[in-house]
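Here the structure comes first, spelled out in structure tokens, and everything after it is commentary.
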Amino acid sequence: MVELAEPVDVLVAGGGNAGLCAALSAQEAGARVLVLESAPRSHRGGNSRHTRNLRCMHAAPTEVMTEAYTEEEYLDDLLRVTGGTTNEALARLTIRGSAACTGWMQARGVRFQPALSGTLHLGRTNAFFLGGGKALLNAYYRAAEARGIAVLYDAEVEDVALGDHRFHAATVRHQGREHEVRAGALVAAAGGFEANLHWLREAWGAPAENFLIRGTPYNQGRLLRALLAQGVRQTGDARQCHAVAIDARAPKFDGGIVTRVDCVSLGIVVNRDGRRFYDEGEDFWPKRYAIWGRLVAEQPGQIAYAIIDRKAIGRFMPTVFAPLQAGSVGALAALLGLDPDVLEETVGAFNAAARPGCFDHTRLDDCRTEGLEPRKSHWARPLDTAPFYGYPLRPGITFTYLGVAVDERARVLMADDRPASNLFAAGEIMAGNVLGQGYLGGIGMTIGTVFGRIAGEEAAHACA
Ligand SMILES: Cc1cc2nc3c(=O)[nH]c(=O)nc-3n(C[C@H](O)[C@H](O)[C@H](O)COP(=O)(O)OP(=O)(O)OC[C@H]3O[C@@H](n4cnc5c(N)ncnc54)[C@H](O)[C@@H]3O)c2cc1C
């Protein structure tokens, strides 16, 4: 039984990857630690429980990654996807820190798969958790329990009292009552605000009503808002986030990775007017999937439809929801609620523009359209072989980037740019320091692990 009135050294708000890394590090540095997690035990672990891998620099092949991935290459990759909107000092710190992640994690019970081969091309750069993020979180919670770290579920940090660049106390709602919890230091690891539909609407307007949230409904951004309201410096922009196109039939929250639809580059995508709006074959799918959430968000009604024919079947990751299927394009349009005449016209124009080529989905092949706007640059084969299939798509928000500014000791910066002495942040709540825009697969968990470890250790020292 956790007693909220009992004094603790380090309070950790949020029980996902970043929070658990912080809690374990703080305890190992000698602190008494309490983790406050707003979800019930069954839903602990936030977005982290949906993850599969993290991106790590390494100088030579390891047990879990092939070849080498240097600091400079990692940084180049990050600069490319963010268009340079990153704090380079913190980015380098994250990248250098990533080299020690897998060893540290294994020492705390996390297990990895052998290096992957296959179409994701991630076996060199990313280490995959055996059993996924859920198994990783279970390992961390087991380690926390064994070390005497207290965890309170159904405990939401609603507010914080800050003053003189110090954290003083947190207001926590638990079992319908508010409690004031004092501690020597606070680690804010409560995720982004992606599950807060009002905040999304503030940022995006009415289109936000049609967004689906791929992860936990508990990342409400309540602590983030409280910190910003108390004069913590903001980093990032409320509209920047990671968003992919997912099956429109997915649940509003927590659908996870299985709701992704990966057949876009094998067919065409139309909006609710039955018209194409973007080059579906611009580049390899793993390099393009993360732009499609935003592309669909910009379409009328925030809905789109991926259309393929029989030739595509077996060439993409199986989907959790079966596609709608029909013997003709017109019949498929009717099933999808599209105007059959318009969809037939769109498919007809696409088929007529598709140049004969040598189809090869493993390379940027020469199957492209000519004289069509927008063009399809690769893998453009006529949609001519029944049955035809369609998937409805919606924007699926993975996580938001607006957060609190931190320094290289994970200390939260106040509006005057001076760090708070006993207030730290890790994970999504500060990821925007490194990710101003764009995304590099696996870096979310790297940021959380590296900054979680730093924040935990620093928090323990701050209250020693
Ligand atoms: C479907 C999906 C797949 C993903 N796959 C990957 C991947 O393979 N690799 C990768 O690097 N990234 C991936 N990500 C992104 C990754 O999940 C995040 O970057 C990472 O989990 C962030 O960790 P975190 O600890 O900051 O947040 P979370 O894991 O979300 O943890 C935050 C926790 O804080 C709790 N909380 C929120 N507010 C409060 C409050 N006020 N008081 C107390 N507790 C609170 C929440 O309940 C939650 O448990 C994926 C995300 C999704 C949704």
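From (1) more than 16 Å from the ligand (Cβ to nearest atom); (2) surrounded by 24 or more Cβ atoms within 10 Å (Cβ to Cβ); (3) of a type in the set (Phe, Trp, Tyr), pick out the condition that doesn't hold for residue 389.
(2)
Residue by residue, here is whether (1) of a type in the set (Asp, Glu); (2) farther than 28 Å from residue 173 by Cα; (3) buried (at least 21 other Cβ atoms within 10 Å of the Cβ) holds:
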| site | (1), (2), (3) |
| --- | --- |
| 221 | no, no, yes |
| 229 | no, no, no |
| 235 | no, no, yes |
| 246 | no, yes, yes |
| 249 | no, yes, no |
| 253 | no, no, no |
| 264 | no, yes, yes |
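Consider region 191-219. How many of its residues are near the ligand (Cβ under 8 Å from one of its atoms) and open to solvent by 30 Å² or more (accessible area, probe 1.4 Å)?
Qualifying residue count for the region: 1.
Of all the helices (runs of 4 or more DSSP H) wholly in region 247-345, which have at least 3 residues that are under 26 Å from residue 49 (Cα atoms)?
285-288, 292-297
I'm checking my understanding of the structure. Among residues of region 406-417 that are assigned to a strand (DSSP E or B), open to solvent by 10 Å² or more (accessible area, probe 1.4 Å) and aliphatic (A, V, I, L, M), which one is nearest to the ligand (Cβ to nearest atom)?
Ranking the candidates gives 413 first.
From the list 342, 347, 329, pick out the single residue that is over 28 Å from the mean Cα position of the chain (by Cα), closer than 24 Å to residue 245 by Cα, of a type in the set (A, V, I, L, M) and surrounded by fewer than 16 Cβ atoms within 10 Å (Cβ to Cβ).
342
What are the residue pairs meeting all of these: first residue in region 57-78, first residue at positive phi, second residue open to solvent by 50 Å² or more (accessible area, probe 1.4 Å) and not acidic (Asp, Glu), Cβ atoms under 7 Å, and 6 or more apart or on different chains?
67/61; 67/124
Any residue in region 222-240 that's over 20 Å from residue 197 (Cβ atoms): show its pairings with residues that are more than 10 Å from the ligand (Cβ to nearest atom) and acidic (Asp, Glu) at Cβ separation under 8 Å, as long as the two are six or more apart or on different chains.
233/417
Examine region 99-122 for a residue that is open to solvent by 10 Å² or more (accessible area, probe 1.4 Å), assigned to a helix (DSSP H, G or I) and either closer than 28 Å to residue 228 by Cβ or within 11 Å of the ligand (Cβ to nearest atom) (or both), and state whether such a residue exists.
No: region 99-122 contains no residue that is open to solvent by 10 Å² or more (accessible area, probe 1.4 Å), assigned to a helix (DSSP H, G or I) and either closer than 28 Å to residue 228 by Cβ or within 11 Å of the ligand (Cβ to nearest atom) (or both).
How about region 376-390: which of its residues are touching a helix residue (DSSP H, G or I) at 6+ places or on another chain (Cβ under 9 Å) and not in a strand (DSSP E or B)?
Quick first cut of region 376-390, residues touching a helix residue (DSSP H, G or I) at 6+ places or on another chain (Cβ under 9 Å) only: 376, 378-390.
376, 378, 379, 380, 381, 382, 383, 384, 385, 386, 387, listed by residue number.
Condition check ((1) over 30 Å from residue 229 (Cβ atoms); (2) over 33 Å from the mean Cα position of the chain (by Cα)) across all residues:
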site	(1), (2)
351	yes, yes
355	yes, yes
368	yes, no
398	no, no
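Of the residues in region 398-451, how many are touching a strand residue (DSSP E or B) at 6+ places or on another chain (Cβ under 8 Å) and within 25 Å of residue 162 (Cβ to Cβ)?
Of the residues in that region, 31 qualify.
What single numbered condition from (1) closer than 20 Å to residue 14 by Cβ; (2) modelled with pLDDT of 95 or more; (3) open to solvent by 10 Å² or more (accessible area, probe 1.4 Å); (4) within 13 Å of the ligand (Cβ to nearest atom) fails to hold for residue 241?
In the conditions (1) closer than 20 Å to residue 14 by Cβ; (2) modelled with pLDDT of 95 or more; (3) open to solvent by 10 Å² or more (accessible area, probe 1.4 Å); (4) within 13 Å of the ligand (Cβ to nearest atom), residue 241 misses (2) alone.
Filter region 282-314 down to the residues that are out of contact with any strand residue (DSSP E or B) (no Cβ under 9 Å at 6 or more places or on another chain) and within 20 Å of residue 368 (Cα to Cα) and list them by number.
Residues satisfying the conditions are 282, 283, 284, 285, 286, 287, 288, 311.
Residue-by-condition table, conditions (1) within 6 Å of the ligand (Cβ to nearest atom); (2) touching a helix residue (DSSP H, G or I) at 6+ places or on another chain (Cβ under 8 Å); (3) among the aliphatic types (A, V, I, L, M):
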residue: 13; (1), (2), (3): yes, yes, yes
residue: 18; (1), (2), (3): yes, yes, yes
residue: 21; (1), (2), (3): no, yes, no
residue: 26; (1), (2), (3): no, yes, yes
residue: 33; (1), (2), (3): no, yes, yes
residue: 42; (1), (2), (3): no, no, no
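Under 8 Å between Cβ atoms, which residue pairs at least 6 apart in sequence (or on different chains) link something in region 81-106 that is touching a residue at least 40 places away in the same chain (Cβ under 8 Å) with a partner that is open to solvent by 60 Å² or more (accessible area, probe 1.4 Å) and in a helix (DSSP H, G or I)?
The qualifying pairs are 97/453; 104/453.
Could you please find all residues in region 377-398 being within 16 Å of residue 316 (Cβ to Cβ) and among the charged types (D, E, K, R)?
Within region 377-398, 381 is the sole residue that qualifies.
Can you find a residue in region 418-439 that is of a type outside the set (A, V, I, L, M), in a strand (DSSP E or B), open to solvent by 10 Å² or more (accessible area, probe 1.4 Å) and away from the ligand (no atom under 15 Å from the Cβ)?
Yes, region 418-439 has at least one match.
Does residue 51 meet the test of being more than 9 Å from the ligand (Cβ to nearest atom) and among the β-branched types (Val, Ile, Thr)?
So residue 51 fails the test.
Test of understanding: among 369, 449, 400, which residue is more than 24 Å from residue 104 (Cα to Cα), of a type in the set (S, T, N, Q), open to solvent by less than 10 Å² (accessible area, probe 1.4 Å) and within 16 Å of the ligand (Cβ to nearest atom)?
400
The values are calculated or read from the model by the stated rules, or taken from the named source; none is laboratory data. What you are looking at is a predicted structure, and each value in this text was computed from that prediction instead of being measured. Note: ideal-geometry Cβ built from the backbone for every residue, glycine included; neighbour counts use all protein chains shown. Ligands, DNA and RNA are stripped out before the accessible areas are found, and what is left, the full protein with its side chains, is counted by its heavy atoms. Shrake-Rupley method; radii C 1.70, N 1.55, O 1.52, S 1.80 Å.
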